[in-house]
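Quick notes on the structure that follows.
The values are calculated or read from the model by the stated rules, or taken from the named source; none is laboratory data. Because the structure is a prediction, the values reported are computed rather than measured. Backbone-built Cβ (ideal geometry, glycine too); neighbour counts: all protein chains shown. Accessible surface is based on the protein model in full, side chains and every heavy atom, while ligands, DNA and RNA are left aside. Shrake-Rupley method; radii C 1.70, N 1.55, O 1.52, S 1.80 Å.
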Amino acid sequence: MENVKAKFVSQKISKTRWRPEPASSLQQPDLFAAGSWDNEENKVSIWSTGEFGTITMDEDYETDIKLLCEIRHKGDVTDLQFLDQERIVTASSTGKVTIFRHHQTNETLSEKQKWEHAHQNVNSNGTGAPCTGIVCNSPEIVSVGEDGRINVFRADSKDIVRTIDDADSSTMHAVTFLRTTEILTVNSIGQLKMWDLRQQGNDPTQIFSVANERVPLHCLDRHPSQQHVVATGGQDGMLCIWDVRQSKIPVSLLSAHNAEMWEVHFHPSKPDHIFTCSEDGSLWHWDASADAADRPSFLLGGRGTSHLSRSTLGQSVSQSLMTPWLSSDPTKGRLEIINVMPSYTLSVNSLDVLGEYLVCGTDSESIYVSKNLFT
């Protein structure tokens with residue numbers, strides 16, 4: 001696709017994230033962070049899209065993805081999130097959680113805070129267990145890991161504010177905020193769990209699961225405006241949509257990728273659009289907007305039309321109109337699915353969307369940036 005540009009970076013990229021833009025900003029995102037994995041020396045790096053997308057005199061799109069700065073990272077970068085416009089939080093395969101600061105005046109990165117043994121193996125003299133996921137709601141940071149532990153940090157405190165040691169008997173793969181005091185986690189036995197951080201116990205407030213299956217869930221995201229709507233993806237490549245107010249099983253299961261789904265994201269301002277990426281080298285744009293529903297089926301792109309494999313009955317018409325992802329009418333479950341990548345590549349490990357731009361990182365040691373997502 002002509003709006004997708006690649007940058008070879010000589011590193012396997014595990015995570016890519018746009019720097020958040022102020023709510024009042026009309027600017028397209030121009031800066032993103034990346035983390036690497038499975039390299040002799042892993043790094044956290046800051047990149048600029050610069051004049052990416054400007055048209056030259058020859059009417060060619062300019063490729064101008066530039067490295068601004070980088071810093072060494074101990075262990076694989078297993079997750080990466082912006083805490084604010086200057087600070088970046090990383091999770092490491094060594095069990096460490098680190099805050100880096102991006103100094104924009106001289107384009108450098110420095111380590112500002114670290115929690116060395118946030119996650120560690122039981123009865124192993126403090127050796128680190130991989131920290132698998134983090135989520136930020138400044139100044140709070142929450143981490144999960146292979147040790148089944150949940151940690152709560154504050155950016156201004158060197159001590160861990162709270163630890164739930166036996167939160168899960170299996171590996172937790174990802175975490176996100178549901179509300180200010182509630183989080184959601186997914187684990188390696190196919191469960192989605194809700195936690196109230198105000199409660200002192202070690203037990204979740206609710207447990208959801210794909211019925212009769214224990215397929216590991218790897219990723220999740222919450223609808224930006226309707227917090228009860230949650231999307232997850234896992235080892236079987238299926239896209240699951242949940243309504244955490246009621247059903248303990250997914251509202252719908254959609255056949256998706258041919259291998260593990262590594263990340264799923266609702267578009268932050270256009271949540272009728274979901275983006276997913278996979279071990280099979282594909283990155284899909286799922287369009288459930290009214291425009292997509294009105295299009296004749298022969299216009300559907302990528303892998304084509306997808307139908308809901310299972311849906312719960314009884315959703316109201318008004319709710320379905322508000323949230324197409326909860327629609328109970330299979331005829332309304334037709335989606336336009338577009339493969340964003342110009343060609344299949346090695347695993348697409350991470351993606352992020354903001355405005356009209358998308359960035360993703362791959363095992364083919366390349367970063368891809370796509371512009372004009374909705375044109």
Review point. Net charge near GLU263, counting Lys/Arg +1 and Asp/Glu -1 over other residues with Cβ under 15 Å of its Cβ?
Key: -4
Review point. Considering only protein heavy atoms, what is the solvent-accessible area of CYS219 at a probe of 1.4 Å, reported in Å² to the nearest 10?
Key: 10
Point to revise | Whole-Å distance, taken between Cα centres, linking region 239-281 and region 65-93 | key: 25
Practice item. Give me the distance in nm between label points sitting 7 Å out from Cα along the Cα-to-Cβ direction at LEU68 and GLU40, one decimal. Key: 2.9
Check your understanding: Taking 0.36 nm per intervening residue step and subtracting the Cα-Cα distance, what contour gain separates ARG162 from GLU21 on full extension?
Key -> 47.8 nm
Check your understanding: Under the classification rounded if a/c is under 1.5, otherwise prolate if a/b is larger than b/c and oblate if not, where does region 145-271 fall, given a ≥ b ≥ c as square roots of the Cα gyration tensor eigenvalues?
Key -> prolate
Revision key, fill the gap. Taking every other residue with Cβ under 15 Å from the Cβ of PRO130 and scoring Lys and Arg +1, Asp and Glu -1, one gets -3
Point to revise | Theoretical FRET efficiency, 1/(1+(r/R0)^6), r = Cβ-Cβ of ARG154 and ASP203, R0 22 Å, to 0.05 | key: 0.40
Point to revise | Neighbourhood net charge (10 Å Cβ-Cβ; Lys/Arg +1, Asp/Glu -1) for GLY233 | key: -4
Exercise for review: Step through the table entries LYS43/LYS112; LYS66/LYS96; LYS43/LYS371; LYS15/LYS43; LYS5/LYS270; LYS248/LYS270, compare each Cα-Cα distance with 18 Å, and write down the pairs that go over it.
Suggested key: LYS66/LYS96; LYS43/LYS371; LYS5/LYS270; LYS248/LYS270
Exercise for review: Would you kindly find the accessible area of PHE8, with a 1.4 Å probe and non-protein molecules such as ligands, DNA and RNA excluded, rounding to the nearest 10 Å²?
Suggested key: 130
Point to revise | Solvent-accessible surface (1.4 angstrom probe) belonging to THR181, in square angstrom, nearest 10 | key: 50
